[in-house]
Amino acid sequence: MQETLNYINENKQRFVDELFELLRIPSISADPAYSNDVWKCAEVCAEYLKNAGADNVEICQTKGYPIVYGEKLIDANLPTVLVYGHYDVQPADPLELWKKPPFEPYIEKTELHPDGAIFARGSADDKGQFFMQVKAFEAMMETNSLPCNVKFILEGEEEVGSVSLGDWVNENKEKLECDCILISDTHIYSNEQPTVTTGLRGLSYVEVEVEGPNRDLHSGLYGGAVPNPIHVLSRMIAKLIDDEGQITIDGFYDNVETVSDDERAEMNKLKDNPAEFKKSIGLNDVEGEKGYTTLERTSIRPTLDCNGIWGGYTGEGAKTVIPSKASAKISMRLVPYQTPEEITEKFTKYFEKIAPANVRVKVTPHHGGMPYVLPTDTKEYLAAKNAMQSAFGKEVLPYRGGGSIPITSMFEQVLGAKSVLMGFGLDSDAIHSPNEHYGLFNFYKGIESIPMFFENYSKS
């Protein structure tokens with residue numbers, strides 16, 4: 001192992017330089033204008049996999065953007081780890097809030113990253129993180145220390161719901177046969193308190209529309225006499241959560257997992273710091289479901305948020321209208337035993353139920369995903385925990401994240417393998433936001449930890 005770690009240390013600067021090449025490619029999957037860039041990024045990823053020592057590297061066609069596949073099969077009697085990552089990124093808007101152009105990576109020291117952080121769209125989500133896997137694999141290959149078989153799938157549609165991945169995995173079950181799946185697309189609690197993510201919430205995402213009059217109306221002639229869809233929609237959204245932070249949708253909590261007091265106590269060893277949490281996002285106070293800590297609200301409890309709302313005139317100057325329609329996007333994060341199908345159906349029925357009779361409403365479901373939990377007594381979790389403890393020199397705790405990676409449940413269902421969520425980012429890395437960044441310390445710790453995971457898992 002020491003030889004592998006020496007190789008990593010000797011090649012740190014090259015690893016960063018190569019990551020910069022990836023980060024310069026605006027592989028935005030949500031915007032068709034960047035289609036060529038997404039394809040170019042897939043080609044560059046394939047080249048890096050080949051150079052790292054992978055065999056049978058392919059750029060696999062799907063109904064959407066391609067999946068990059070590669071493998072190194074050294075012994076059929078050894079376990080096989082399937083590594084997953086994604087090379088597509090979120091749109092960079094709003095561009096004016098970036099300190100420098102989002103696809104021109106640079107390094108800058110920050111309070112949380114005194115060794116420097118890489119600033120660029122995709123640096124933490126997920127180019128910087130999956131690239132750790134590629135470089136760790138390269139280090140093991142160059143030092144003849146790869147202890148098991150490894151397969152890679154890098155997709156280009158994660159940021160738009162992995163729309164093609166499920167079909168491709170089902171069509172290639174034999175090719176993807178494995179014993180566990182390793183994913184670096186999550187974060188740790190802090191550099192002082194490293195964690196392994198043992199749970200992710202699921203997702204139900206809907207778009208709603210409220211329609212009133214058959215056209216936009218002059219607010220002077222009609223105001224006060226007709227329903228204003230913006231007002232109606234705002235009141236309806238407000239009704240979705242009560243004064244104690246509970247979601248009011250009929251039957252919403254019917255199947256929610258009850259987390260034991262012992263597990264909650266273990267979770268709260270993570271030293272929830274309310275003052276620092278508020279400071280980090282510029283708030284005077286927090287809110288949420290009564291009876292739960294901030295840490296619990298963002299991990300083990302289901303939530304509902306309005307992600308966007310619009311209607312009427314939003315251009316420069318004034319235009320005095322009552323709009324004919326108003327719309328909003330709403331996401332609900334789900335916990336074990338809730339399903340996106342169940343929650344979307346319950347939301348739709350409730351939203352229609354609370355709509356006043358003088359408007360028409362429409363609910364359009366978007367993508368969803370199942371929640372996921374990795375038990376802490378599994379060999380997969382223990383291999384990750386021990387690897388990170390060796391790299392960080394500190395106790396590693398289990399941690400349930402608040403986000404969603406729907407493919408984890410799909411992988412288990414189709415491939416029959418557990419996913420290890422071994423990410424190294426921080427909450428503060430501004431993923432999906434302007435000035436996204438990824439600490440050099442975290443990048444290097446990831447590359448150091450991954451070979452130790454492979455070694456631990458192969459011996460378990």
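The values are calculated or read from the model by the stated rules, or taken from the named source; none is laboratory data. None of the values given here were measured: they were computed from a predicted structure. Using ideal geometry, Cβ is built from the backbone for each residue, glycine included, and neighbour counts are taken over all protein chains shown.
For the stretch 163-178, check the following and say yes or no: at least one residue is closer than 19 Å to G423 by Cα, touching a strand residue (DSSP E or B) at 6+ places or on another chain (Cβ under 7 Å) and not assigned by TED's automatic domain parsing to the domain that holds P356.
No, because not a single residue in the stretch 163-178 is closer than 19 Å to G423 by Cα, touching a strand residue (DSSP E or B) at 6+ places or on another chain (Cβ under 7 Å) and not assigned by TED's automatic domain parsing to the domain that holds P356.
Just give me the residues in the stretch 430-447 being crowded, with 22+ Cβ neighbours inside 10 Å and part of a helix (DSSP H, G or I), in sequence order. Even if it seems obvious, please write down each step before you answer.
Kept after step one, since they are crowded, with 22+ Cβ neighbours inside 10 Å, are these residues of the stretch 430-447: 431, 436-439, 442-443, 446-447.
If the condition is that a residue be crowded, with 22+ Cβ neighbours inside 10 Å and part of a helix (DSSP H, G or I), then N442, F443, G446, I447 are the ones that fit.
From the residues in the stretch 9-34 that are over 24 Å from the mean Cα position of the chain (by Cα) and charged (D, E, K, R), which one is surrounded by the most Cβ atoms within 10 Å (Cβ to Cβ)? Please lay out each step first, then the result.
Narrowing the stretch 9-34 to residues over 24 Å from the mean Cα position of the chain (by Cα): 9-14, 17.
Next, only the ones that are charged (D, E, K, R) stay: 10, 12, 14, 17.
Numbers: E10: 10, K12: 14, R14: 10, D17: 10.
The qualifying residue surrounded by the most Cβ atoms within 10 Å (Cβ to Cβ) is K12.
Restricted to the stretch 250-260, and to residues that are of a type outside the set (V, I, T) and under 17 Å from V373 (Cα atoms), which residue is surrounded by the fewest Cβ atoms within 10 Å (Cβ to Cβ)?
So, considering only residues that are of a type outside the set (V, I, T) and under 17 Å from V373 (Cα atoms), the one surrounded by the fewest Cβ atoms within 10 Å (Cβ to Cβ) is S260.
Would you point out the residue of the stretch 230-250, among those that are β-branched (V, I, T) and assigned to a helix (DSSP H, G or I), that is nearest to the chain's Cα centre (by Cα)?
Restricting to residues being β-branched (V, I, T) and assigned to a helix (DSSP H, G or I), the top hit is I237.
Looking for something in contact (Cβ under 8 Å) with a residue 60 or more places away in the chain and either assigned to a loop (DSSP other than H, G, I, E, B) or acidic (D, E) (or both) - is there at least one such residue anywhere in the stretch 344-351?
no
Could you tell me whether the stretch 323-343 includes any residue that is in contact (Cβ under 8 Å) with a residue 60 or more places away in the chain, in contact with a Phe, Trp or Tyr (Cβ under 9 Å, 6 or more places away or on another chain), over 30 Å from V196 (Cβ atoms) and surrounded by fewer than 16 Cβ atoms within 10 Å (Cβ to Cβ)?
no
Counting only residues that are more than 21 Å from G416 (Cα to Cα) and either among the basic types (K, R) or at pLDDT below 95 (or both), how many does the stretch 140-157 have? Break it down into steps so the answer makes sense when it comes.
Step one: filter the stretch 140-157 for residues more than 21 Å from G416 (Cα to Cα), giving 140-147, 156-157.
Then keep just the ones that are either among the basic types (K, R) or at pLDDT below 95 (or both); that gives none.
The qualifying residues number 0.
Restricting to the stretch 375-417, name every residue that is within 19 Å of I153 (Cβ to Cβ), touching a residue at least 40 places away in the same chain (Cβ under 8 Å) and part of a loop (DSSP other than H, G, I, E, B).
Hits for the stretch 375-417 are S404, I405, P406, A417.
Before we move on, is Y253 in contact with a Phe, Trp or Tyr (Cβ under 8 Å, 6 or more places away or on another chain), part of a loop (DSSP other than H, G, I, E, B) and hydroxyl-bearing (S, T, Y)?
no
For the list (1) more than 24 Å from the chain's Cα centre (by Cα); (2) outside any loop (DSSP other than H, G, I, E, B), I need the number of the one condition that D37 fails.
Checking D37 against (1) more than 24 Å from the chain's Cα centre (by Cα); (2) outside any loop (DSSP other than H, G, I, E, B), the one that fails is (1).
When you scan the stretch 93-116, do you find a residue that is within 30 Å of K173 (Cα to Cα) and in contact with a helix residue (DSSP H, G or I) (Cβ under 6 Å, 6 or more places away or on another chain), even just one?
For the stretch 93-116, residues within 30 Å of K173 (Cα to Cα) and in contact with a helix residue (DSSP H, G or I) (Cβ under 6 Å, 6 or more places away or on another chain): absent.
Please tell me if S145 is under 25 Å from D427 (Cβ atoms), of a type in the set (S, T, N, Q) and in a loop (DSSP other than H, G, I, E, B).
Considered against the rule, which asks whether it is under 25 Å from D427 (Cβ atoms), of a type in the set (S, T, N, Q) and in a loop (DSSP other than H, G, I, E, B), S145 comes out as no.
Give the number of residues within the stretch 40-80 that are closer than 23 Å to N456 by Cβ and assigned to a loop (DSSP other than H, G, I, E, B).
Residues flagged as closer than 23 Å to N456 by Cβ and assigned to a loop (DSSP other than H, G, I, E, B) within the stretch 40-80 amount to 9.
State which residue is nearest to H367 (Cα to Cα) when the search covers only the stretch 18-32 and only residues that are hydrophobic (A, V, I, L, M, F, W, C) and in a loop (DSSP other than H, G, I, E, B).
Only one residue tops the list, namely A30.
Got a number for residues in the stretch 81-99 being surrounded by 12 or more Cβ atoms within 10 Å (Cβ to Cβ) and in a loop (DSSP other than H, G, I, E, B)?
Qualifying residue count, the stretch 81-99: 7.
Tell me, yes or no, whether the stretch 128-141 has at least one residue that is of a type in the set (D, E, K, R), within 21 Å of N442 (Cβ to Cβ) and surrounded by 14 or more Cβ atoms within 10 Å (Cβ to Cβ). So that I can check it myself, show each step before the final result.
Residues of the stretch 128-141 of a type in the set (D, E, K, R): 135, 138.
Pick out the ones that are also within 21 Å of N442 (Cβ to Cβ) and you get 135, 138.
Then drop every residue that is not surrounded by 14 or more Cβ atoms within 10 Å (Cβ to Cβ), which leaves 135, 138.
Looking through the stretch 128-141, at least one residue is of a type in the set (D, E, K, R), within 21 Å of N442 (Cβ to Cβ) and surrounded by 14 or more Cβ atoms within 10 Å (Cβ to Cβ).
Is at least one residue of the stretch 5-16 part of a strand (DSSP E or B), assigned by TED's automatic domain parsing to the domain that holds I407 and charged (D, E, K, R)?
No, every residue in the stretch 5-16 fails to be part of a strand (DSSP E or B), assigned by TED's automatic domain parsing to the domain that holds I407 and charged (D, E, K, R).
Mind counting the residues in the stretch 149-171 that are part of a helix (DSSP H, G or I) and aromatic (F, W, Y)? Can you show your working first?
Going through the stretch 149-171, the residues part of a helix (DSSP H, G or I) turn out to be 158-160, 165-171.
From what's left, aromatic (F, W, Y): 168.
Summing the residues that are part of a helix (DSSP H, G or I) and aromatic (F, W, Y) in the stretch 149-171 gives 1.
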